[in-house]
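Working notes, beginning with the structure itself.
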Amino acid sequence: MQIDWSAAERFLSYVDGEASLDRVWNHPGYGVAREHATVLGRELTRDDLSDAVDGERTAFSGLGNLSENRTEIVRLIDRVRSREREWTAQIERQLRRVAPNADISDVTLHLGVGYETGIGVRSGAYVDLNEPLFHRRPRQLLYAGVHESSHVLYEREHASLDGLGPRPLESENQRAVWNTVFHTEAFATYAPLELRRSDGAVGVEEHAICDDYAALSDPERLRTLVGEYDSFRERLRQESVPTDELASHLFGGSRLPYRVGCALLDELERSEGVAAVREAFRADPAEFAERYDWALDGYRT
């Protein structure tokens, strides 16, 4: 695999008037952003990017305090450049724990500016260097790289959302959407867990991503989360829910796929070893939710 920071450098050159909008828009890193937007049924245009740079609110987000953060972004680029070999090896090691037989030679982690904190689709992964968490704790960028790169392997293994139409969150098969997102985010959150633990980076930090890991060491909180997870899954078996409510349960609020999903895989590894986790990665999303549900039983008493 490789880490490519040229999207961020090109974006900053565009802001400085030294590169054209086309050179930014046509960069493969921003191609990842367009693919992600398409998967979620959004439209992302060249004008969205240029208007966002001009201070307008568009589908291209993540540019808050860009001028103030410019120095920190450049520092992150320099930090990654100086640690490229170490970080690439670390990401590859964590990915191979989950999918040892996957071909990761053409997986690229793009470091850019704007759009989303992090995304991963079949064509590659992308992380936003304008995220304040990475300025405060630069190694969090490495963990995010593992997380988003795992999505690339997942999409290549499962082609997970292809059968759910052009706007998956509006699909009538909400259980399939739920199972797919739960499966992929469980693994993406789990993928850097060993590295985080070896670094002592599973404690409290003022960011939702870090809070995903803090929840793992709080049994009472996990019991509450698993109760919420069970309740919502049962509701999906019986009825459809509003699209915005489904999106909130998937990506916001209690972040159930991230926190409950990672707790499930953490318990699976403790009980049956990493080989069981690898088998679970290859499972069908609906099968995963049922076959490994027992791993959450300890939080149901």
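What the table shows:
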item	result
Number of positions in segment 245-277 that are under 15 Å from Val98 (Cβ atoms) and either surrounded by fewer than 16 Cβ atoms within 10 Å (Cβ to Cβ) or touching a Leu at 6+ places or on another chain (Cβ under 7 Å) (or both)	9
Wholly within segment 1-88, helices (runs of 4 or more DSSP H) carrying at least 1 residues that are open to solvent by 60 Å² or more (accessible area, probe 1.4 Å) and touching a residue at least 40 places away in the same chain (Cβ under 8 Å)	6-15, 28-39, 66-82
Selection status of Tyr190, out of contact with any Phe, Trp or Tyr (no Cβ under 8 Å at 6 or more places or on another chain), open to solvent by less than 10 Å² (accessible area, probe 1.4 Å) and within 13 Å of Gln140 (Cβ to Cβ)	no
Residues (closer than 21 Å to Met1 by Cβ, open to solvent by less than 10 Å² (accessible area, probe 1.4 Å) and part of a loop (DSSP other than H, G, I, E, B)) located in segment 121-137	Leu129
In segment 87-106, the residues that are over 12 Å from Ser149 (Cβ atoms) and hydroxyl-bearing (Ser, Thr, Tyr)	Ser105
Within segment 89-120, considering residues that are charged (D, E, K, R) and more than 23 Å from Gly31 (Cα to Cα), the one surrounded by the most Cβ atoms within 10 Å (Cβ to Cβ)	Arg97
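Results for (1) more than 25 Å from Gln140 (Cβ to Cβ); (2) polar (S, T, N, Q); (3) outside any helix (DSSP H, G or I), shown as yes or no for each residue.
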residue	(1), (2), (3)
Val202	no, no, yes
Asp212	no, no, no
Arg221	no, no, no
Glu234	yes, no, no
Glu245	yes, no, no
Ser248	no, yes, no
Leu264	no, no, no
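The values are calculated or read from the model by the stated rules, or taken from the named source; none is laboratory data. Keep in mind that this is a model prediction, so the values were computed, not measured. As a convention, Cβ positions derive from the backbone with ideal geometry for all residues, glycine included, and neighbour counts pool all protein chains shown. SASA here: full protein model, heavy atoms, side chains in, ligands and nucleic acids out. Shrake-Rupley method; radii C 1.70, N 1.55, O 1.52, S 1.80 Å.
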